[in-house]
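These notes are about the structure you will find just below.
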Amino acid sequence: MRVGFVGLGTMGAAMATRLLAAGFDVTVHNRTRAREEPLAELGAARAADPAEAARGAEMVVVIVSDTPDVDQVVFGPDGIAAGLAPGALVVDMSTIAPDATRTYAARIAEQGATWLDAPVSGGSEGAKNGTLSIMVGGDAADLERARPVLSAMGTTITHVGPVGSGQLAKAMNQVVIAGTYAAVAEGIVLGLKAGIDVEAALAALAGGAAGSWGLVHRGPNVVRNDYPLGFRVRLHRKDLGIALDAARALGAPLPVAALVEQWETGLIARGHGDEDVSAIARVVREQAGLDDD
Ligand code: NAP
């Protein structure tokens, strides 16, 4: 199958590498063209613009930063829409707004092509190892067409519902992460203030009902007050913005997510936007007098 692939950032480069390893005929494009070179060495064709990546492709994968960026690479000058054949499939794996997603899908449908929103969870490790969780919105038959390609990038591929549902599932994911990381930080700060053996306490918590991926893999960051990537604070704040906009429109108050979004805004202002999202613990630690910033 001929696959166009637009966006070779942290996630996209690793995901396109998985597609090449699985034997797909991949044509890549990235705004900063130099990022195409390592993929070309692995056998990818290079396209001068997104339209060229889409020309002749049965499926075009997009993974860029935010909603305006998807708009740009799909509908901008020399965008994917300009090269897309009728019957082709656009699979947007970026994390963007669900309402814009529905608009984009409708515009693509006008030219006889279809859209799946397929945002991912699992981080850069998941992208490298092909173990992403992929949340899919769109037509079930389109998902079946895309499944061989998605299976090269992820191990959990879930059809959530119609177009936009994948992005809403991803928004849920980011809201849960906000609350989990905030609670992990508060629990650990309590232990640190009490002066108990927090490493031992964390081992005990991991084996009980408080155990979670965030506690096990990011709790030690909070203890050390060191937050290597990971997933950037600034990307998580972008995702909480998407979740909070959707929630406001739907009449769903999300006070914990809103608080964490505000903490993240302050962290970015203080130069911590490129640390791992567990850096929200900085706020909790500072409020407890453990550190000055
Ligand atoms: P990244 O490393 O910052 O890469 C962003 C990519 O988007 C680059 O290829 C960049 O091109 C391209 N891009 C951005 N704006 C563009 C525009 N206006 N026109 C053309 N290309 C544009 O980001 P990432 O970590 O790969 O994340 C990509 C998406 O996956 C985001 O929606 C993110 O929320 C989501 N995601 C990330 C993770 C993670 O752990 N990193 C996990 C799950 C989901 P240039 O190279 O030219 O800048």
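The values are calculated or read from the model by the stated rules, or taken from the named source; none is laboratory data. Source: prediction; values computed, not measured. Please note: Cβ atoms are built from the backbone with ideal geometry, for glycine as well, and neighbour counts cover all protein chains shown. Only protein heavy atoms, including side chains, enter the accessible area calculation; ligands, DNA and RNA are left aside. Shrake-Rupley method; radii C 1.70, N 1.55, O 1.52, S 1.80 Å.
Structure notes:
- Number of positions in the range 1-14 that are near the ligand (Cβ under 9 Å from one of its atoms) and either open to solvent by less than 50 Å² (accessible area, probe 1.4 Å) or not assigned by TED's automatic domain parsing to the domain that holds L84 (or both): 8
- Filter result for R224 (surrounded by 18 or more Cβ atoms within 10 Å (Cβ to Cβ), more than 14 Å from G179 (Cβ to Cβ) and of a type in the set (K, R)): no
- Leading residue by the ranking (least open to solvent (accessible area, probe 1.4 Å)) among those in the range 243-288 that are assigned to a loop (DSSP other than H, G, I, E, B) and without any contact (Cβ under 8 Å) to a residue 24 or more places away in the chain: A252
- Any chance E41 is in contact with a Lys or Arg (Cβ under 9 Å, 6 or more places away or on another chain) and assigned by TED's automatic domain parsing to the domain that holds T156: no
- Residues of the range 116-141 satisfying the condition of being more than 16 Å from the ligand (Cβ to nearest atom) and touching a Phe, Trp or Tyr at 6+ places or on another chain (Cβ under 8 Å): G138
- When S212 is tested against the conditions (1) under 17 Å from G123 (Cα atoms); (2) within 16 Å of the ligand (Cβ to nearest atom), the lone failure is (2).
- G4, sole failed condition from (1) touching a strand residue (DSSP E or B) at 6+ places or on another chain (Cβ under 6 Å); (2) more than 25 Å from S121 (Cα to Cα): (2)
- Test: residue in the range 183-206 that is open to solvent by 30 Å² or more (accessible area, probe 1.4 Å), outside the structural domain of R107 (by TED's automatic domain parsing), within 19 Å of the chain's Cα centre (by Cα) and modelled with pLDDT of 95 or more: no
- Filtering the range 81-103 to residues that are among the polar types (S, T, N, Q) and more than 11 Å from the ligand (Cβ to nearest atom) leaves T101, T103.
- The range 1-30 - residue that is over 19 Å from the mean Cα position of the chain (by Cα) and among the charged types (D, E, K, R) and, of those, farthest from V91 (Cα to Cα): D25
- With respect to being assigned to a helix (DSSP H, G or I), among the aliphatic types (A, V, I, L, M), buried (at least 20 other Cβ atoms within 10 Å of the Cβ) and not assigned by TED's automatic domain parsing to the domain that holds D276, L240 falls outside the description.
- Counting only residues that are hydrophobic (A, V, I, L, M, F, W, C) and away from the ligand (no atom under 16 Å from the Cβ), the range 218-256 holds 8 of them.
- Search result, residues across the range 18-33 that are within 13 Å of the ligand (Cβ to nearest atom) and under 18 Å from G130 (Cβ atoms): V28
- Residues of the range 1-23 satisfying the condition of being touching a residue at least 60 places away in the same chain (Cβ under 8 Å), closer than 17 Å to E37 by Cβ and not in a helix (DSSP H, G or I): V6, G7
- Test set (1) closer than 16 Å to E261 by Cα; (2) open to solvent by 60 Å² or more (accessible area, probe 1.4 Å) - N173 fails condition number: (2)
- Residue count for the range 53-80, restricted to those that are within 14 Å of the ligand (Cβ to nearest atom) and either acidic (D, E) or surrounded by fewer than 24 Cβ atoms within 10 Å (Cβ to Cβ) (or both): 12.
- If the condition is being open to solvent by less than 20 Å² (accessible area, probe 1.4 Å), part of a helix (DSSP H, G or I) and touching a helix residue (DSSP H, G or I) at 6+ places or on another chain (Cβ under 7 Å), then the range 32-52 contributes L39, P50, A51.
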